[in-house]
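S.K.: This is the structure I have questions about; it appears just below.
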Amino acid sequence: MFPILLLAFIFVPIIEIGLFIQVGGFLGLWPTIALVLITAFVGASLVRSQGIQTLMSVHGRLEQGEIPAQQIFEGVMLAVAGVLLLTPGFMTDALGMVVLLPAPRAAIAKYLMSKMVVKTMHGGGFQGGFSNQGPFEQDPFHRDPFDSRSDNGNTFEGEYERKDDDDRNKLN
């Protein structure tokens, strides 16, 4: 990850400077500066309107009792688009506009969400935690009858039903 960021911080400014020189040579200094400022203001207003729509979508999904994972990732993508659009430069503005469009933003969010789920599934398990005992010391369901730390005298009984086909509990 570090080498990619290093290359981005080296090559993006070089490309942007080259584009500024080319566009400035074609349009002139003041129209180029005006174009950079206009794209920043238009981009900021578009990010704001898209952000409000995404926030309303998150609110709607939460009211329906669903997990708004897709909308949250799209909100993160909107923040990335906002940073790209507010950064002076034509290449970053073009990338910001691509991320701002709903179809590419949804596709990128879905891709990132699938990668996040895979990493979470592989990183889970019973390792770590907050217990003082080692992994092989004692049965986790065994309770010492003389230990009064968790003895509150209440017994809870209940029933459960497994629902495998419940679509409302899925991430996407």
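Laboratory data are not the source of any read-out in this text; all were calculated from the coordinates shown. Since we're looking at a predicted model, the values are computed, not measured. Note that each Cβ is placed from the backbone with ideal geometry, even for glycine, and that neighbours are counted across all protein chains shown.
S.K.: Using just the C-alpha positions of the stretch 39-117 as equal point scatterers, what log10 of I(q)/I(0) does the Debye formula give at each q in 0.18 1/Å?
M.R.: -0.69
S.K.: Taking 22 Å as R0, compute the FRET efficiency from the Cβ-Cβ separation of residue 45 and residue 12 and round it to 0.05. Mind showing how you got there, number by number?
M.R.: Values: r = 24 Å, r/R0 = 1.10.
So the FRET efficiency works out to roughly 0.35.
S.K.: Moving on to the next point. Sort the following peptides by mean Cβ neighbour count (other Cβ atoms within 10 Å, averaged over residues), highest first: 98-104, 27-33, 84-90. Don't skip to the answer; put the middle values down first.
M.R.: Working: 98-104: 14.7, 27-33: 12.6, 84-90: 18.6.
Descending packing order for the listed peptides: 84-90, 98-104, 27-33.
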